[in-house]
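One structure is given here, and the rest of the page talks about it.
The numbers here are math on the coordinates, done by the rules we state, and not lab data. Every value quoted in this text rests on a predicted model; they were computed, and no experiment measured them. Note: ideal-geometry Cβ built from the backbone for every residue, glycine included; neighbour counts use all protein chains shown.
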Amino acid sequence: MSQGAIFATIFTVIIIIGGIVIRKNKFYFVLQVIWTLLLICGNTYSVDFVGNSNLYYSSNFIDTHREGFFMSGYYYLSALFNNLGFSYIQFNALFATLSTLIIVEIILKLSQNPCLTFSMFMFYPLTSSIIQKRYYIAMGLLVLGVYILLLDINKVVKSFLYIFIISLACQIHTASIFFFTLIVYFWIPDKIKKYVSIIGLIVMTMCKSQLASLLESSDNTSLSGKSSFYFVTLASNNVFHYIFWIGWHLLFVTLIFYLLKKETVRTTLGVNFSHFLWIINWWSLLIIPLYSFDPVFTRLFRVVIIFNYIAISNLFIIKDRKINLLYFNSGIYQILLSLSSYVIFNSLAVGLPLVGVLIQVFENNMFF
């Protein structure tokens, strides 16, 4: 690694640790955000870089209609900005910045300890977000859409707003289609939500072949192509892999379910936010069957993880140099789980040594 890349790696570690210690400081939070934008916007090569770059430069206005509902927005924006003379790096930097700012604004609105929340985000899924560029642009819209469901406004109104925002996200990345299931789940009576999740998890696992065939048969080129790639080409029938990813997912949601059982936690987080967390974490179980094909579908869970980070950081309250032991242990648990996820997704899941991914992120950066 070059000296610049080594410096960037060390400074990133310092920024993350500092956020865990400081927890809430506007100046430090801005520093975290700026540094994150440098990492995201300055990246000049990663695993998905060539494919996304080729898609950008090959797009034209005719492409805007070839995919129907999906991807047309991304093709249009690519053709527009390409014609305006923007390089792919400049184009990605612009929209990745917008996505980051959406996430940042929601963290600021909900988090009592935004620096701590952002440090966990920098552990995971920051590196994956740098690599999966197009999904990260869509992720900002997905986080915004899910946030809409938290607002204390008319249920019908926010449902329409949610559908509109998720529809926009579908214009960027086809994976966004899964989030239409959340609005259906949102309207299901609370008393049967958990049963719907458990039964849905079992049924989808048993019928995964039919699910793959259904999506592959789509008339939409992008959707059927992606389905074929993930459900056939990359699909793994290794039951131990599936069990591993189930365990990874459950380690996140079990902490939330455990905490929400306690009245003091619900009071601290607020009744509305607690109920919101309960809903989206139970819904997230419906993502698990997709892991039986490939762990790439964990990207769907990242939206939920951000709200979980906010909740855990809000419990990390130190008063008179004292902190509730349960809240402290929960914070440490989540930090370690986020750190472990960083190692898993940037080494084990991609079959590369960890330094290989670090080089892609820190070595291939115009600022370093």
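Distance between the pseudo-spin-label points of F164 and Y258 (7 Å out from Cα toward the beta carbon): 4.1 nm. The phi-based Karplus calculation (6.51 cos²θ - 1.76 cosθ + 1.60; θ = phi - 60°) puts the 3J(HN,Hα) values of region 31-40 at 4, 4, 5, 4, 5, 4, 5, 5, 5, 6 Hz, whole numbers, x for Gly and Pro.
By other beta-carbon atoms within 10 Å, ranking I312, I22 with the fewest at the front produces I22, I312. The string of couplings for region 256-266 from the Karplus curve (6.51, -1.76, 1.60, θ = phi - 60°) is 5, 4, 5, 5, 5, 6, 9, 4, 4, 5, 4 Hz, one whole number per residue in order, with x for Gly and Pro.
In the chain, taking the dipole from charged Cβ atoms about the Cα centre, the farthest positive-side position among N281, L326, F123 is held by L326.
One quarter of the convex hull surface built on the alpha carbon atoms of region 87-141 amounts to 3.6 nm², the projected area averaged over directions.
Only the Cβ atoms of Lys and Arg (+1) and of Asp and Glu (-1) were treated as charged; on that basis the dipole of the chain about its Cα centre amounts to roughly 1100 debye.
Taking amide hydrogens as placed 1.01 Å from N in the peptide plane, the amide H of N25 sits under 5 Å from those of C115, each at least 5 positions away in sequence or on another chain. Taking every pair of alpha-carbon atoms in the chain, what share in percent sits in each 20 Å bin, from 0 to the bin with the longest distance? Pair shares across the bins are 28, 61, 11, 0. In this structure the amide hydrogen of Q112, modeled in the peptide plane, comes within under 5 Å of the amide hydrogens of N314, none closer than 5 places in sequence on its chain. Pairs from the table (K158/K322; K155/K194; K109/K208; K24/K191; K155/K191) lying more than 28 angstrom apart at Cα are K158/K322; K109/K208; K24/K191. Estimated at 0.36 nm per residue, the fully extended path between L151 and Y45 surpasses their Cα-Cα distance by 34.3 nm.
When you work out D = kT/(6 pi eta Rh) for region 1-74 at 25 °C and 0.890 mPa s, using the Kirkwood radius from C-alpha pairs as Rh and the Stokes-Einstein form, the result is 158 µm²/s. Computed from the C-alpha gyration tensor, the three semi-axes of the ellipsoid equivalent to region 132-200 are 22, 16, 9 Å, from longest to shortest. Once backbone amide H atoms are built at 1.01 Å from N, N365 has T44 as its partners under 5 Å, excluding neighbours fewer than 5 places away on the same chain. Fewest neighbouring Cβ atoms within 10 Å first, the residues W35, W283 line up as W35, W283. Subtracting the Cα-Cα distance of I202 and I17 from 0.36 nm times their residue separation leaves 62.6 nm of extension gain.
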